[in-house]
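Below: one structure, written as structure tokens.
The values are calculated or read from the model by the stated rules, or taken from the named source; none is laboratory data. Being a predicted model, the structure only gives us computed values, none of them experimental. Because the Cβ atoms are built from the backbone with ideal geometry, glycine has one as well, and the counts that use them run over all protein chains shown. Side chains included, ligands, DNA and RNA excluded: accessible areas come from the protein's heavy atoms. Shrake-Rupley method; radii C 1.70, N 1.55, O 1.52, S 1.80 Å.
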Amino acid sequence: MKAEAQATRNGGHGQAGDTSAGDAYLGAGLSAAQFQQLDEQGYLLVPGMLDPEGDLDPILDEYDGVLDRLAHTLFAQGKVSSPYPELPFGERVSRMYEESGEMLNQWFDFHLPQRHVTHDTPFWVGPAVFRTLVNPKLLDAVESVIGGEIYSNPVQHVRIKPPEGRMGRQPDGRPMYGATVWHQDNGVIQEDGDQSDILTVWFPITDALVEHGCLHVVPGSHRHGIYTHCPMEKGSNEVQIPDHLFPVERALPLPMQRGDVLFLNKRTCHGSLSNVSDEVRISFDLRYNPIGQRTGREVFPGFVARSRSNPASELRDPDAWAELWYATRRHMADANVDVSFNRWDPDAAGCA
């Protein structure tokens with residue numbers, strides 16, 4: 001982490017934020033005080049960094065088209081009673097999830113699944129998503145933390161979280177779209193990424209208040225290394241940190257509005273609450289690391305998002321980015337590639 005470079009670049013402007021949020025965004029990266037909170041607490045919430053209309057609405061507009069294709073596909077397959085074209089996005093997507101009883105997030109995600117990839121595995125790598133990955137406001141802030149040679153790490157997702165009360169249950173009885181269990185982002189990558197300075201950038205596309213299932217974090221938990229993660233069930237890629245292994249009583253909910261951005265150290269313990277509202281919660285979960293460092297998921301494609309030393313290496317063509325993922329899908333389908341990022345032993349101490 002580039003503490004000295006960051007302080008110099010920002011001139012030390014800004015005042016220290018409280019324990020729940022940093023100062024409002026002032027432009028041109030993070031202030032020295034904001035960087036200090038991220039370093040000391042393991043998280044930083046910056047209100048108003050993104051413009052809801054200019055930065056976020058294009059994403060929703062793009063996803064409207066994805067949802068329309070999904071709705072008509074499900075209707076043609078007899079899995080929903082109507083494509084519901086008259087409904088607004090949130091209610092329409094909830095209706096699709098509710099009536100089909102299927103896990104449908106893969107249609108919207110810009111990351112491939114780890115297993116059973118075929119030539120028609122759905123995912124979405126549209127231009128509005130790509131422009132968000134290289135949004136200058138985000139990259140300025142990331143540069144404040146890891147320096148000016150920035151790689152877009154392929155551990156990236158859209159999280160669509162419908163109202164939990166309307167959704168079905170998984171075979172093990174858990175809600176299909178429930179609370180996210182406690183974990184560290186370092187714990188869901190392979191060991192080769194352990195020494196990389198990976199920074200998580202999380203922000204809601206729709207409001208993420210407590211009732212919508214906002215994130216909660218354990219301040220300072222990043223200073224204790226990697227906790228043991230336990231598989232949710234045998235052979236599962238889903239893992240969690242058992243409550244008794246860390247000070248869960250210190251958990252702090254972080255309600256956020258559209259435009260707010262949360263930065264997380266890769267070892268900060270966090271999860272999300274249940275969506276008990278009647279509205280969908282949509283968020284982006286991005287990662288960045290210095291160019292040349294391992295991503296922890298080398299099978300998936302990243303790219304140079306910013307390079308102060310070699311600007312010509314920066315990727316700015318959304319079609320070229322999309323082709324990186326299409327080529328990966330073709331390779332995984334042709335070679336029957338299955339991967340797993342679960343490195344944890346279900347019989348480890350603490351998992352019993």
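Can you find a residue in the range 237-254 that is part of a loop (DSSP other than H, G, I, E, B), over 26 Å from residue 151 (Cα atoms) and out of contact with any Cys (no Cβ under 7 Å at 6 or more places or on another chain)? Within the range 237-254 (the criterion being part of a loop (DSSP other than H, G, I, E, B), over 26 Å from residue 151 (Cα atoms) and out of contact with any Cys (no Cβ under 7 Å at 6 or more places or on another chain)), the answer is yes, since at least one residue qualifies. Among the candidates 289, 310, the residue that is open to solvent by 50 Å² or more (accessible area, probe 1.4 Å) and under 30 Å from residue 148 (Cα atoms) is uniquely 310. Looking only at residues of the range 65-110 that are in a helix (DSSP H, G or I), under 25 Å from residue 165 (Cβ atoms) and of a type in the set (Asp, Glu), we find that the one that is least open to solvent (accessible area, probe 1.4 Å) is 91. Does residue 126 satisfy being closer than 14 Å to residue 61 by Cα and out of contact with any Phe, Trp or Tyr (no Cβ under 7 Å at 6 or more places or on another chain)? Criteria met by residue 126.
Only one of 37, 6 is closer than 18 Å to residue 200 by Cβ and modelled with pLDDT of 95 or more. Can you tell me which?
37
Right, residue 129: of a type outside the set (Lys, Arg), touching a residue at least 24 places away in the same chain (Cβ under 8 Å) and crowded, with 21+ Cβ neighbours inside 10 Å or not? When the stated conditions are applied, residue 129 passes them.
The set of residues from the range 160-205 being in contact with a strand residue (DSSP E or B) (Cβ under 7 Å, 6 or more places away or on another chain), touching a residue at least 12 places away in the same chain (Cβ under 8 Å) and surrounded by fewer than 21 Cβ atoms within 10 Å (Cβ to Cβ) comprises 164, 167, 175, 176, 179, 180, 181, 183, 188, 197.
When 299, 248 are screened for being aliphatic (A, V, I, L, M), within 23 Å of residue 193 (Cα to Cα) and surrounded by 14 or more Cβ atoms within 10 Å (Cβ to Cβ), only 299 passes. Per the listing 253, 219, the residue uniquely closer than 29 Å to residue 31 by Cβ and either open to solvent by 50 Å² or more (accessible area, probe 1.4 Å) or free of Cβ contacts under 8 Å to residues at least 24 places away in the same chain (or both) is 253. With respect to being open to solvent by less than 10 Å² (accessible area, probe 1.4 Å) and closer than 19 Å to residue 297 by Cβ, residue 139 falls outside the description.
When 283, 274 are screened for being at pLDDT 95 or above, on the phi < 0 side of the Ramachandran plot and open to solvent by 30 Å² or more (accessible area, probe 1.4 Å), only 274 passes. Here residue 120 fits the description: without any contact (Cβ under 8 Å) to a residue 24 or more places away in the chain, closer than 30 Å to residue 339 by Cα, open to solvent by 50 Å² or more (accessible area, probe 1.4 Å) and not in a strand (DSSP E or B).
Answer with yes or no whether residue 225 is at positive phi and touching a helix residue (DSSP H, G or I) at 6+ places or on another chain (Cβ under 7 Å).
Numbers: at positive phi: yes; touching a helix residue (DSSP H, G or I) at 6+ places or on another chain (Cβ under 7 Å): no.
So residue 225 fails the test.
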